[in-house]
1. Among the polar types (S, T, N, Q) and at pLDDT 80 or above: does that describe residue 13?
2. So which pairs qualify, if the first residue must be in region 21-33 and without any contact (Cβ under 8 Å) to a residue 60 or more places away in the chain and part of a loop (DSSP other than H, G, I, E, B), the second must be among the hydrophobic types (A, V, I, L, M, F, W, C) and surrounded by 14 or more Cβ atoms within 10 Å (Cβ to Cβ), the Cβ gap must be under 8 Å, and the two must be at least 6 apart or on different chains?
3. Please tell me if residue 55 is assigned to a strand (DSSP E or B), modelled with pLDDT under 80 and surrounded by fewer than 10 Cβ atoms within 10 Å (Cβ to Cβ).
Amino acid sequence: MDVNGQSRVEGKNIENVSIYPNPFNNEFFIKSSTAINTAILTDALGKLVLHKKYNNTGINSIQIENRF
């Protein structure tokens, strides 16, 4: 997801994934009916902003510092 409104979800066997709100300021949510193992967020230039591992399902709130 990027602040300019372009978002995408990549991965194998991803079903029923919602990422909101878009655009976001400091916090966004990932909702999935399947397990979320890793969330990777990059900026428009491909620079890594966040890399976080999870061991659960459901709604995950991700907060980031203003790095843009």
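1. No.
2. 21/28; 22/1; 22/28; 24/1; 26/64
3. Details: assigned to a strand (DSSP E or B): yes; modelled with pLDDT under 80: yes; surrounded by fewer than 10 Cβ atoms within 10 Å (Cβ to Cβ): yes.
When the stated conditions are applied, residue 55 passes them.
The values are calculated or read from the model by the stated rules, or taken from the named source; none is laboratory data. Because the structure is a prediction, the values reported are computed rather than measured. Glycine gets a Cβ as well: all are built from the backbone with ideal geometry, and neighbour counts include every protein chain shown.
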